[in-house]
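Asker: Sharing a structure here in structure tokens format.
The values are calculated or read from the model by the stated rules, or taken from the named source; none is laboratory data. Remember, it's a predicted structure, so these values are computed and weren't measured experimentally. Neighbour counts are summed over all protein chains in view; Cβ atoms, including those assigned to glycine, are modelled from backbone coordinates with ideal geometry. Accessible surface is based on the protein model in full, side chains and every heavy atom, while ligands, DNA and RNA are left aside. Shrake-Rupley method; radii C 1.70, N 1.55, O 1.52, S 1.80 Å.
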Amino acid sequence: MVVTMKDAQLPVAIIGAGPVGLAAAAHLAQRGLPAVIFESGSTVAANLQGYRHVRLFSPWQFNVDRAAVALLEASGWKAPDPAVLPTAGEVVDDYLVPLAQHPRIAPQLHLNARVRAVSRAGFDKVKTRGREHAPFVLRVETPDGIVEHRAQAVLDASGTWSQPNPLGAHGMPALGETEHAQRISYGMPDVLGAERARYAGRRVLVIGAGHSAAGNLIALAKLADEDGATRIAWAVRGKDLARVFGGGENDGLPARGALGALLRKLVGAGRLEVHTGFQVRAIVSDVAGLTVLPEDRSIRSISGIDEIIGSTGARPDLSVTSELRVRHDPWLESTDALAPLIDPNEHSCGTVRPHGHRELAHPEHGFYAIGAKSYGRAPNFLMATGYEQARSIAAALAGDLTAADEVRLELPETGVCSVSFQSAGERVPAAQGCCGGPPQANASACCVLDEVKKASGEAGCGCGAPRRVPAQAAHH
């Protein structure tokens, strides 16, 4: 979308003042484009505030945006040591709050402003002729009531953290999940800090197999070291924990590799009661506590549970754009063009090909979902990915398509690519081998070949049938 003089009279609306939303504001400022930012929380980066106690596995170098840093340094801000691992709270306090307070951004920022709906002025979803020339209308809930804002374009950077996936096996809440909500938390509660009393000395069940689950289990194990009455159970849907344990020393982010390695040690030492192949059907209660029932009736239930932590990922809220012409991948809920690059059913490596405004575009010209929300239900989003998305889209909105198409993204490999682990330190080929041959000395070599294969629409290392890559995905 090329900005015209008429369009330029209206701002670009940004939904969400988290890392990617504020980065988008910085890139727009750098391009001389007006912006307005709506944050539903009472502070910036409300999602990160929810797990501010968690130390990230990506160092500062991957957590700051170049345009944002340029704005901050011009006003005297000193960048943190790029090699240091910050907590989520430190990212907020030491980077995002100063960025939000910058004079090029602060006047545009509205807190306690939740966008409830977005449409086109004078157009419902059905009407076509002249649609692309109509401004966007955002209906925003504020402490003073509902107000409407108009914009030339909309960037939805609201994330997914506040919409956790339910615990049930079918993508719906498990039977009894809603009724027992007071004993279930989602995401990464502050087990060792503010919520210590809730979990100390209790029998706690963690459900999930991602990085959040690993972090929760490690925190609970530390709590158990301090309070011996704390007991930990872990339920995962899959039967192979190799991907959860990760790539170890092959991981481009050492802290991420160490996370999986520590989890492997806890399992090997018998510190966790592990239930694999466990899909949750229902949650019931009795005098002994909660009992979690599996879909497979041949598997024993998990009983005597005091508290449950759901670490089952998150999903986007698509209701806000129900009156826009958006096209989502039918299972990931990302754009069609982005889905083949991030599909966890096929994407065996932890990186993603560079992508920008073309892959993120919807039929509704001028609307983009960026940041974690752009991934839909796919996991493993990194902030650096969102920063490059913001740069590309800002360039496209400014009419600089050359810069917009020059998308470059350097992400650290996970070190996991069609390899399996039989025991600590022993690597063996996966069922179909690693890229059709023996395991590589460095698993990232396999990941490179995997990415080349998938970029051309073929099946990657150890994958099944190839998934069709839309032509739009190849435009870089």
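Asker: Across the range 193-221, what is the total count of residues that are of a type in the set (D, E, K, R), open to solvent by less than 40 Å² (accessible area, probe 1.4 Å) and either in contact with a His (Cβ under 6 Å, 6 or more places away or on another chain) or more than 23 Å from Ile283 (Cβ to Cβ) (or both)?
Answerer: 0
Asker: Is there a residue being surrounded by fewer than 16 Cβ atoms within 10 Å (Cβ to Cβ) and free of Cβ contacts under 8 Å to residues at least 24 places away in the same chain anywhere in the range 343-354?
Answerer: Scanning the range 343-354 turns up at least one residue that is surrounded by fewer than 16 Cβ atoms within 10 Å (Cβ to Cβ) and free of Cβ contacts under 8 Å to residues at least 24 places away in the same chain.
Asker: When you check Val147 against the structure, is it free of Cβ contacts under 8 Å to residues at least 24 places away in the same chain, out of contact with any helix residue (DSSP H, G or I) (no Cβ under 8 Å at 6 or more places or on another chain), of a type in the set (Val, Ile, Thr) and surrounded by fewer than 18 Cβ atoms within 10 Å (Cβ to Cβ), yes or no?
Answerer: For Val147, the condition - free of Cβ contacts under 8 Å to residues at least 24 places away in the same chain, out of contact with any helix residue (DSSP H, G or I) (no Cβ under 8 Å at 6 or more places or on another chain), of a type in the set (Val, Ile, Thr) and surrounded by fewer than 18 Cβ atoms within 10 Å (Cβ to Cβ) - is met.
Asker: Out of the residues in the range 263-318 that are farther than 28 Å from Arg196 by Cα and without any contact (Cβ under 8 Å) to a residue 12 or more places away in the chain, which is most open to solvent (accessible area, probe 1.4 Å)?
Answerer: Result: Arg297.
Asker: State all residues of the range 196-239 that are in a loop (DSSP other than H, G, I, E, B) and aliphatic (A, V, I, L, M); if no residue qualifies, say none.
Answerer: Scanning the range 196-239 gives Ala200, Ala209, Ala229, Val236.
Asker: Among the residues of the range 36-60, which ones are closer than 15 Å to Gly386 by Cβ and open to solvent by 20 Å² or more (accessible area, probe 1.4 Å)?
Answerer: Asn47, Leu56
Asker: Could I ask something else about it? Select, from Ala13, Ala79, Ala23, the only residue that is in contact with a helix residue (DSSP H, G or I) (Cβ under 9 Å, 6 or more places away or on another chain) and open to solvent by less than 20 Å² (accessible area, probe 1.4 Å).
Answerer: One residue alone meets the criteria, Ala23.
Asker: Just need a number here: residues in the range 384-399 that are free of Cβ contacts under 8 Å to residues at least 40 places away in the same chain and either open to solvent by 10 Å² or more (accessible area, probe 1.4 Å) or in contact with a His (Cβ under 7 Å, 6 or more places away or on another chain) (or both).
Answerer: 2
Asker: Same structure again: I need the full set of residues from the range 210-225 which are of a type in the set (Gly, Ala, Ser) and without any contact (Cβ under 8 Å) to a residue 40 or more places away in the chain, in order please.
Answerer: Ala219
Asker: Can you tell me which residue in the range 222-242 is modelled with the highest pLDDT, limited to those that are out of contact with any helix residue (DSSP H, G or I) (no Cβ under 9 Å at 6 or more places or on another chain), surrounded by fewer than 20 Cβ atoms within 10 Å (Cβ to Cβ) and under 26 Å from Leu293 (Cβ atoms)?
Answerer: The selected residue is Ala229.
Asker: Considering Asp94, Asp81, which residue is under 28 Å from Glu195 (Cβ atoms) and of a type in the set (Asp, Glu)?
Answerer: Among Asp94, Asp81, only Asp94 is under 28 Å from Glu195 (Cβ atoms) and of a type in the set (Asp, Glu).
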